[in-house]
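The values are calculated or read from the model by the stated rules, or taken from the named source; none is laboratory data. Quick caveat: nothing in here was measured; it's all calculated off a predicted structure. Positions of Cβ are generated from backbone atoms using ideal geometry, with glycine treated the same way; all protein chains shown enter the neighbour counts.
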RNA sequence: GGGCCUGUAGCUCAGCCCGGUUAGAGCGCCACUCUGAUAAAGUGGAGGUCCCUGGUUCAAGUCCAGGCAGGCCCA
């Protein structure tokens, strides 16, 4: 057995491609799933993307987080199946195809032909599937894409049909009115996105209308509207429950309106307030409707004051004319109060025959006539003009009408309590989503409008007879039984529209309603529909429901997060997911949203090819918390490479280099723990603490903290453990100490490879296969088949970890002191004095060798702060001057001479007593200025109660040693310049400075030879011409060296 | 207009839940040091009205209220 050679000059993208090949060839993903017991499932649901667009950077972000947790859970021993999925239906798909065909609107589509149109829609959702697969593969996103679900499959549609039939059977599916933005020219509804595309400033009538109260003489509600034509359909007047309303007397009549709007509506003076009432007190007041063209069956609350939170006092009168057919708020209010939907407008925007003189007129053109009629009847208070932004059809420019249409609803409000209860049980990350954005949305829940008057979608399985009887079909089987016409192979429109059925009881012929289903209901049905449940896949559904984990970006709050929760609560009474990790959006380095139009998008492929997927993943996990909006820049990825991946890789390469030289075999050469050194035990303690922290954080889905903890360990391992242990690896004897170092570093790397596997799966795989698969018979072939490490509590030594922290603190301060004193580290010093709290001092004492070596100092002793710091005392002249007058100069002198004790006392805030001019003078702290300074002959650095002082005196002996060490350093540089390998031995010929040659002839020769691996050392001859001449600490030397052999070679 | 989030060094972020020493880290910049695993590492320096205003408190980056700016979702 031998470890494969590892180059420190690693090319991560290339490494990743190799690993990808290995995964492919070995079926690593499949094995990682199947090697875990079926009885221990951990369930992840893939929120299906639509593949009619190329995957972008934000998809990489989502997939990075989607992938991480399943990989981790797999290593924890769970079976994580990860069925992929694709969202195939919906308006965006249709609009894309419309655009390609140059069509505009439903009329165009129907002329073009629904059959061909839908064929193109179907085609388009497969268009970029390969791109998605390639991107997912390349970034190490593991999911079962071969067996993915497609929302357009018949089996999927059939499941959704079953769900709709269930709802219908439980009275949770009904037909009602829905207010939509309607284009009267195209005679079609527009989506909210389309509405947003067409706002224009227009001038509309601004009309204040009096609605006389039935039970209060000569008193009218004053309402305001910019759409007089909707007054024909008035059903109520809405007031805000908390707003204060005034009844005023003006020109002999009484008007009711919001008090704070009196001035704006009525102007200065001329009126008198006679009564004030809260909105709640107005509720139920009856008034006379403005127009009675349309006959209405009277209901309890019709033409009364109703309450609505949405009423504002920012404009109008604070009393809102309410016509449920023509406004969303109105419609909601109407439903709450059981108001009828008065709807005398035809799809082309003209009044129907009921509106007598205005029948056939376009409603907006009827405004003037209607206002005139109000004036004649004395109901008009004032009429003017109003300029505001109003939506127009983005295709034809016609002003849109908000307009009620028949629509199919899921009665989500019936399960509102359950929705709230289930929301409480979901582990939302970040937590504020639960009762913030998502909770608010739930609390304001309205029934879910499910139908869409479109073409490419799951067709509603609803059939209607001429007499209005409804049949909802729950499966293809059932449809076949009822069908009059043959059932098509493709369940989509237009084929399904041709199937007539017979009503199972009356035998009456029925036709399908024309609508298709909101695509959100498709995706919300994936927990069961992905298996074709309940017609098939029952077992799998039961095992894979609910999901333990889902993860999408925050824009899914009202999208998939809601549709998933709503569908499963309606059907099963419970949430279909337990933990939901919500990702923030990706912004560019300037904090602007990444978008194609801004041209600031990052191409993931460039990152994959330049820095690699591991680096990108690491940056995404550790740069900021997943829920935060993320300012992303390529520098973050560079940093991930430099700080994490290369540090880890170089540590790994270092280990393998020496393990190969020494033929270290972890199976046979492992050193028992008792025989390991302090440093070994320390790093093993840190390793196990890290295992604990990372495990804990991962269990809490705190990915960022987990990654950062791991990053810190890798830094400690490389920059403290390996740096401090380097000599142990390259020394020539193969003793227990060396093998202990090998064993320890091996263990750290083998475990780190597992810890980093979910984060950076590629480099983890590469390391693991070389370190573990090569060395441990029976080890699984992939790190992703390995078990997650368990922390070994016995190896955690809190005392030792604390000791090392103290020692490193002392080293930090000592180095700072050296820097401040301008004495380079290579120059040895005689003594370091450390003042530290008891516990830290004890730790440093135990690790004194490390401190001495790091600081390059001969002796270490401990002292109190006064030993290393001196305080200078001065009188505070402002206070002392007036008090002691001419004694001041003597006090000053006495303070200078007072000695360290007095300084220390004063520093501790105690008074100082002096003998001045034969009498005792006691100076209070306020009378003293205490200045801390360095003690003579020491370089001191302090932090709080921790101080380190280096004795700066250089004895001849120390100078000699400094000189020799400098010489060694220079020779090492020469070796490197001459391209020698680490293990090459050399011959050295040195001329010049007699002093240097004397030192090497004496006691320093041996040290010098072993440091630079000199087998021969010639000090008497002159080096050949052209040998470099150097100046070392003021001594001129000429040095010649040549390679003579290799360490270990005979 | 409403809801939610964010605002701390030139940049990316900790710290805020639970108030308490001199507000930290990484990157970048400057100086020095160290180095035969490293694309590194170390020390110091420059760099902070902790978005603003007010309040609570002995004490506020942290709690409360009101603003401002950015982001997202919705109207």
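Couple of notes before you dig in:
- Residues in the stretch A:593-607 include at least one that is closer than 30 Å to residue A:14 by Cβ, within 16 Å of RNA strand B (Cβ to nearest atom), outside any loop (DSSP other than H, G, I, E, B) and at pLDDT 85 or above.
- Selection of the stretch A:68-89 for residues being over 13 Å from the mean Cα position of the chain (by Cα) and over 20 Å from residue A:38 (Cα atoms) yields A:85, A:86, A:87, A:88, A:89.
Conditions (1) more than 15 Å from RNA strand B (Cβ to nearest atom); (2) closer than 19 Å to residue A:961 by Cβ; (3) surrounded by 15 or more Cβ atoms within 10 Å (Cβ to Cβ), marked per residue:
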| site | (1), (2), (3) |
| --- | --- |
| A:991 | yes, no, yes |
| A:999 | yes, yes, yes |
| A:1002 | yes, yes, no |
| A:1005 | yes, yes, yes |
| A:1008 | no, yes, yes |
| A:1013 | no, no, yes |
| A:1017 | yes, yes, yes |
| A:1021 | yes, no, no |
| A:1024 | yes, no, no |
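- Applying the condition of being outside any helix (DSSP H, G or I) and surrounded by fewer than 18 Cβ atoms within 10 Å (Cβ to Cβ) to the stretch A:538-561 and asking which residue is farthest from RNA strand B (Cβ to nearest atom) yields A:559.
- Just one residue in the set A:19, A:33 is at pLDDT 90 or above and either in contact with a strand residue (DSSP E or B) (Cβ under 7 Å, 6 or more places away or on another chain) or farther than 14 Å from residue A:765 by Cβ (or both); that residue is A:33.
- Residue A:707 more than 11 Å from RNA strand B (Cβ to nearest atom), in the same structural domain as residue A:682 (by TED's automatic domain parsing) and within 24 Å of the chain's Cα centre (by Cα): yes
A quick yes/no check of all residues on (1) assigned to a loop (DSSP other than H, G, I, E, B); (2) more than 41 Å from the chain's Cα centre (by Cα); (3) touching a residue at least 24 places away in the same chain (Cβ under 8 Å); (4) more than 16 Å from RNA strand B (Cβ to nearest atom):
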| site | (1), (2), (3), (4) |
| --- | --- |
| A:365 | no, yes, no, yes |
| A:373 | no, yes, yes, yes |
| A:387 | no, yes, yes, yes |
| A:416 | no, no, yes, yes |
| A:454 | yes, no, yes, yes |
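- Within the stretch A:608-643, the set of residues being assigned to a helix (DSSP H, G or I), in contact (Cβ under 8 Å) with a residue 40 or more places away in the chain and more than 10 Å from RNA strand B (Cβ to nearest atom) comprises A:608, A:609, A:610, A:613, A:614, A:615, A:616, A:617, A:618, A:620, A:621.
- Taken together, the criteria place residue A:651 among residues that are in a helix (DSSP H, G or I), farther than 22 Å from residue A:554 by Cα and in contact with a helix residue (DSSP H, G or I) (Cβ under 6 Å, 6 or more places away or on another chain).
- Yes/no for residue A:185 being surrounded by fewer than 21 Cβ atoms within 10 Å (Cβ to Cβ) and at pLDDT 95 or above: no
- Only a single item in (1) over 18 Å from residue A:143 (Cβ atoms); (2) in contact (Cβ under 8 Å) with a residue 24 or more places away in the chain is not met by residue A:542, and it is number (2).
- Residue in the stretch A:261-269 that is in contact (Cβ under 8 Å) with a residue 60 or more places away in the chain and buried (at least 21 other Cβ atoms within 10 Å of the Cβ) present: no
- Residue count for the stretch A:294-310, restricted to those that are surrounded by fewer than 16 Cβ atoms within 10 Å (Cβ to Cβ) and either away from RNA strand B (no atom under 16 Å from the Cβ) or not in a loop (DSSP other than H, G, I, E, B) (or both): 6
- Scan of the stretch A:479-525 for residues that are over 40 Å from the mean Cα position of the chain (by Cα), within 14 Å of residue A:154 (Cβ to Cβ) and not in a loop (DSSP other than H, G, I, E, B), ordered by number: A:479, A:480, A:495, A:496
- Selection of the stretch A:562-584 for residues being within 15 Å of RNA strand B (Cβ to nearest atom), in a strand (DSSP E or B) and under 17 Å from residue A:529 (Cα atoms) yields an empty set.
- Screening the candidates A:30, A:54 for the property of being more than 16 Å from RNA strand B (Cβ to nearest atom), surrounded by fewer than 16 Cβ atoms within 10 Å (Cβ to Cβ) and in a helix (DSSP H, G or I) yields one hit, A:30.
- Complete set of residues in the stretch A:311-338 that are in a loop (DSSP other than H, G, I, E, B), touching a residue at least 60 places away in the same chain (Cβ under 8 Å) and surrounded by fewer than 20 Cβ atoms within 10 Å (Cβ to Cβ): A:312, A:313, A:315
- Being over 15 Å from residue A:305 (Cα atoms), modelled with pLDDT of 90 or more and either part of a strand (DSSP E or B) or more than 48 Å from the chain's Cα centre (by Cα) (or both) holds for only one residue in A:248, A:256, A:223, and it is A:248.
- Filter result for residue A:441 (within 12 Å of RNA strand B (Cβ to nearest atom), over 30 Å from residue A:110 (Cα atoms), buried (at least 17 other Cβ atoms within 10 Å of the Cβ) and touching a residue at least 40 places away in the same chain (Cβ under 8 Å)): no
- Of all the listed residues (A:47, A:90), the sole one being touching a helix residue (DSSP H, G or I) at 6+ places or on another chain (Cβ under 7 Å), over 30 Å from residue A:702 (Cβ atoms) and crowded, with 16+ Cβ neighbours inside 10 Å is A:90.
This table checks each residue for (1) more than 22 Å from residue A:827 (Cα to Cα); (2) out of contact with any helix residue (DSSP H, G or I) (no Cβ under 9 Å at 6 or more places or on another chain).
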position	(1), (2)
A:988	yes, no
A:994	no, yes
A:1010	no, yes
A:1018	yes, yes
A:1035	no, no
A:1046	yes, yes
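- Of the helices (runs of 4 or more DSSP H) entirely within the stretch A:726-842, those holding at least 3 residues that are surrounded by fewer than 21 Cβ atoms within 10 Å (Cβ to Cβ) and within 15 Å of RNA strand B (Cβ to nearest atom) occupy A:798-821.
- Only one of the numbered conditions (1) under 30 Å from residue A:531 (Cα atoms); (2) surrounded by fewer than 19 Cβ atoms within 10 Å (Cβ to Cβ) is violated by residue A:204, and that is (1).
- Considering the stretch A:955-979, and only residues there that are more than 18 Å from residue A:1009 (Cβ to Cβ) and in a loop (DSSP other than H, G, I, E, B), the residue that is nearest to RNA strand B (Cβ to nearest atom) turns out to be A:979.
- Matching residues, the stretch A:101-118, being in a loop (DSSP other than H, G, I, E, B) and in contact (Cβ under 8 Å) with a residue 40 or more places away in the chain: A:104, A:105
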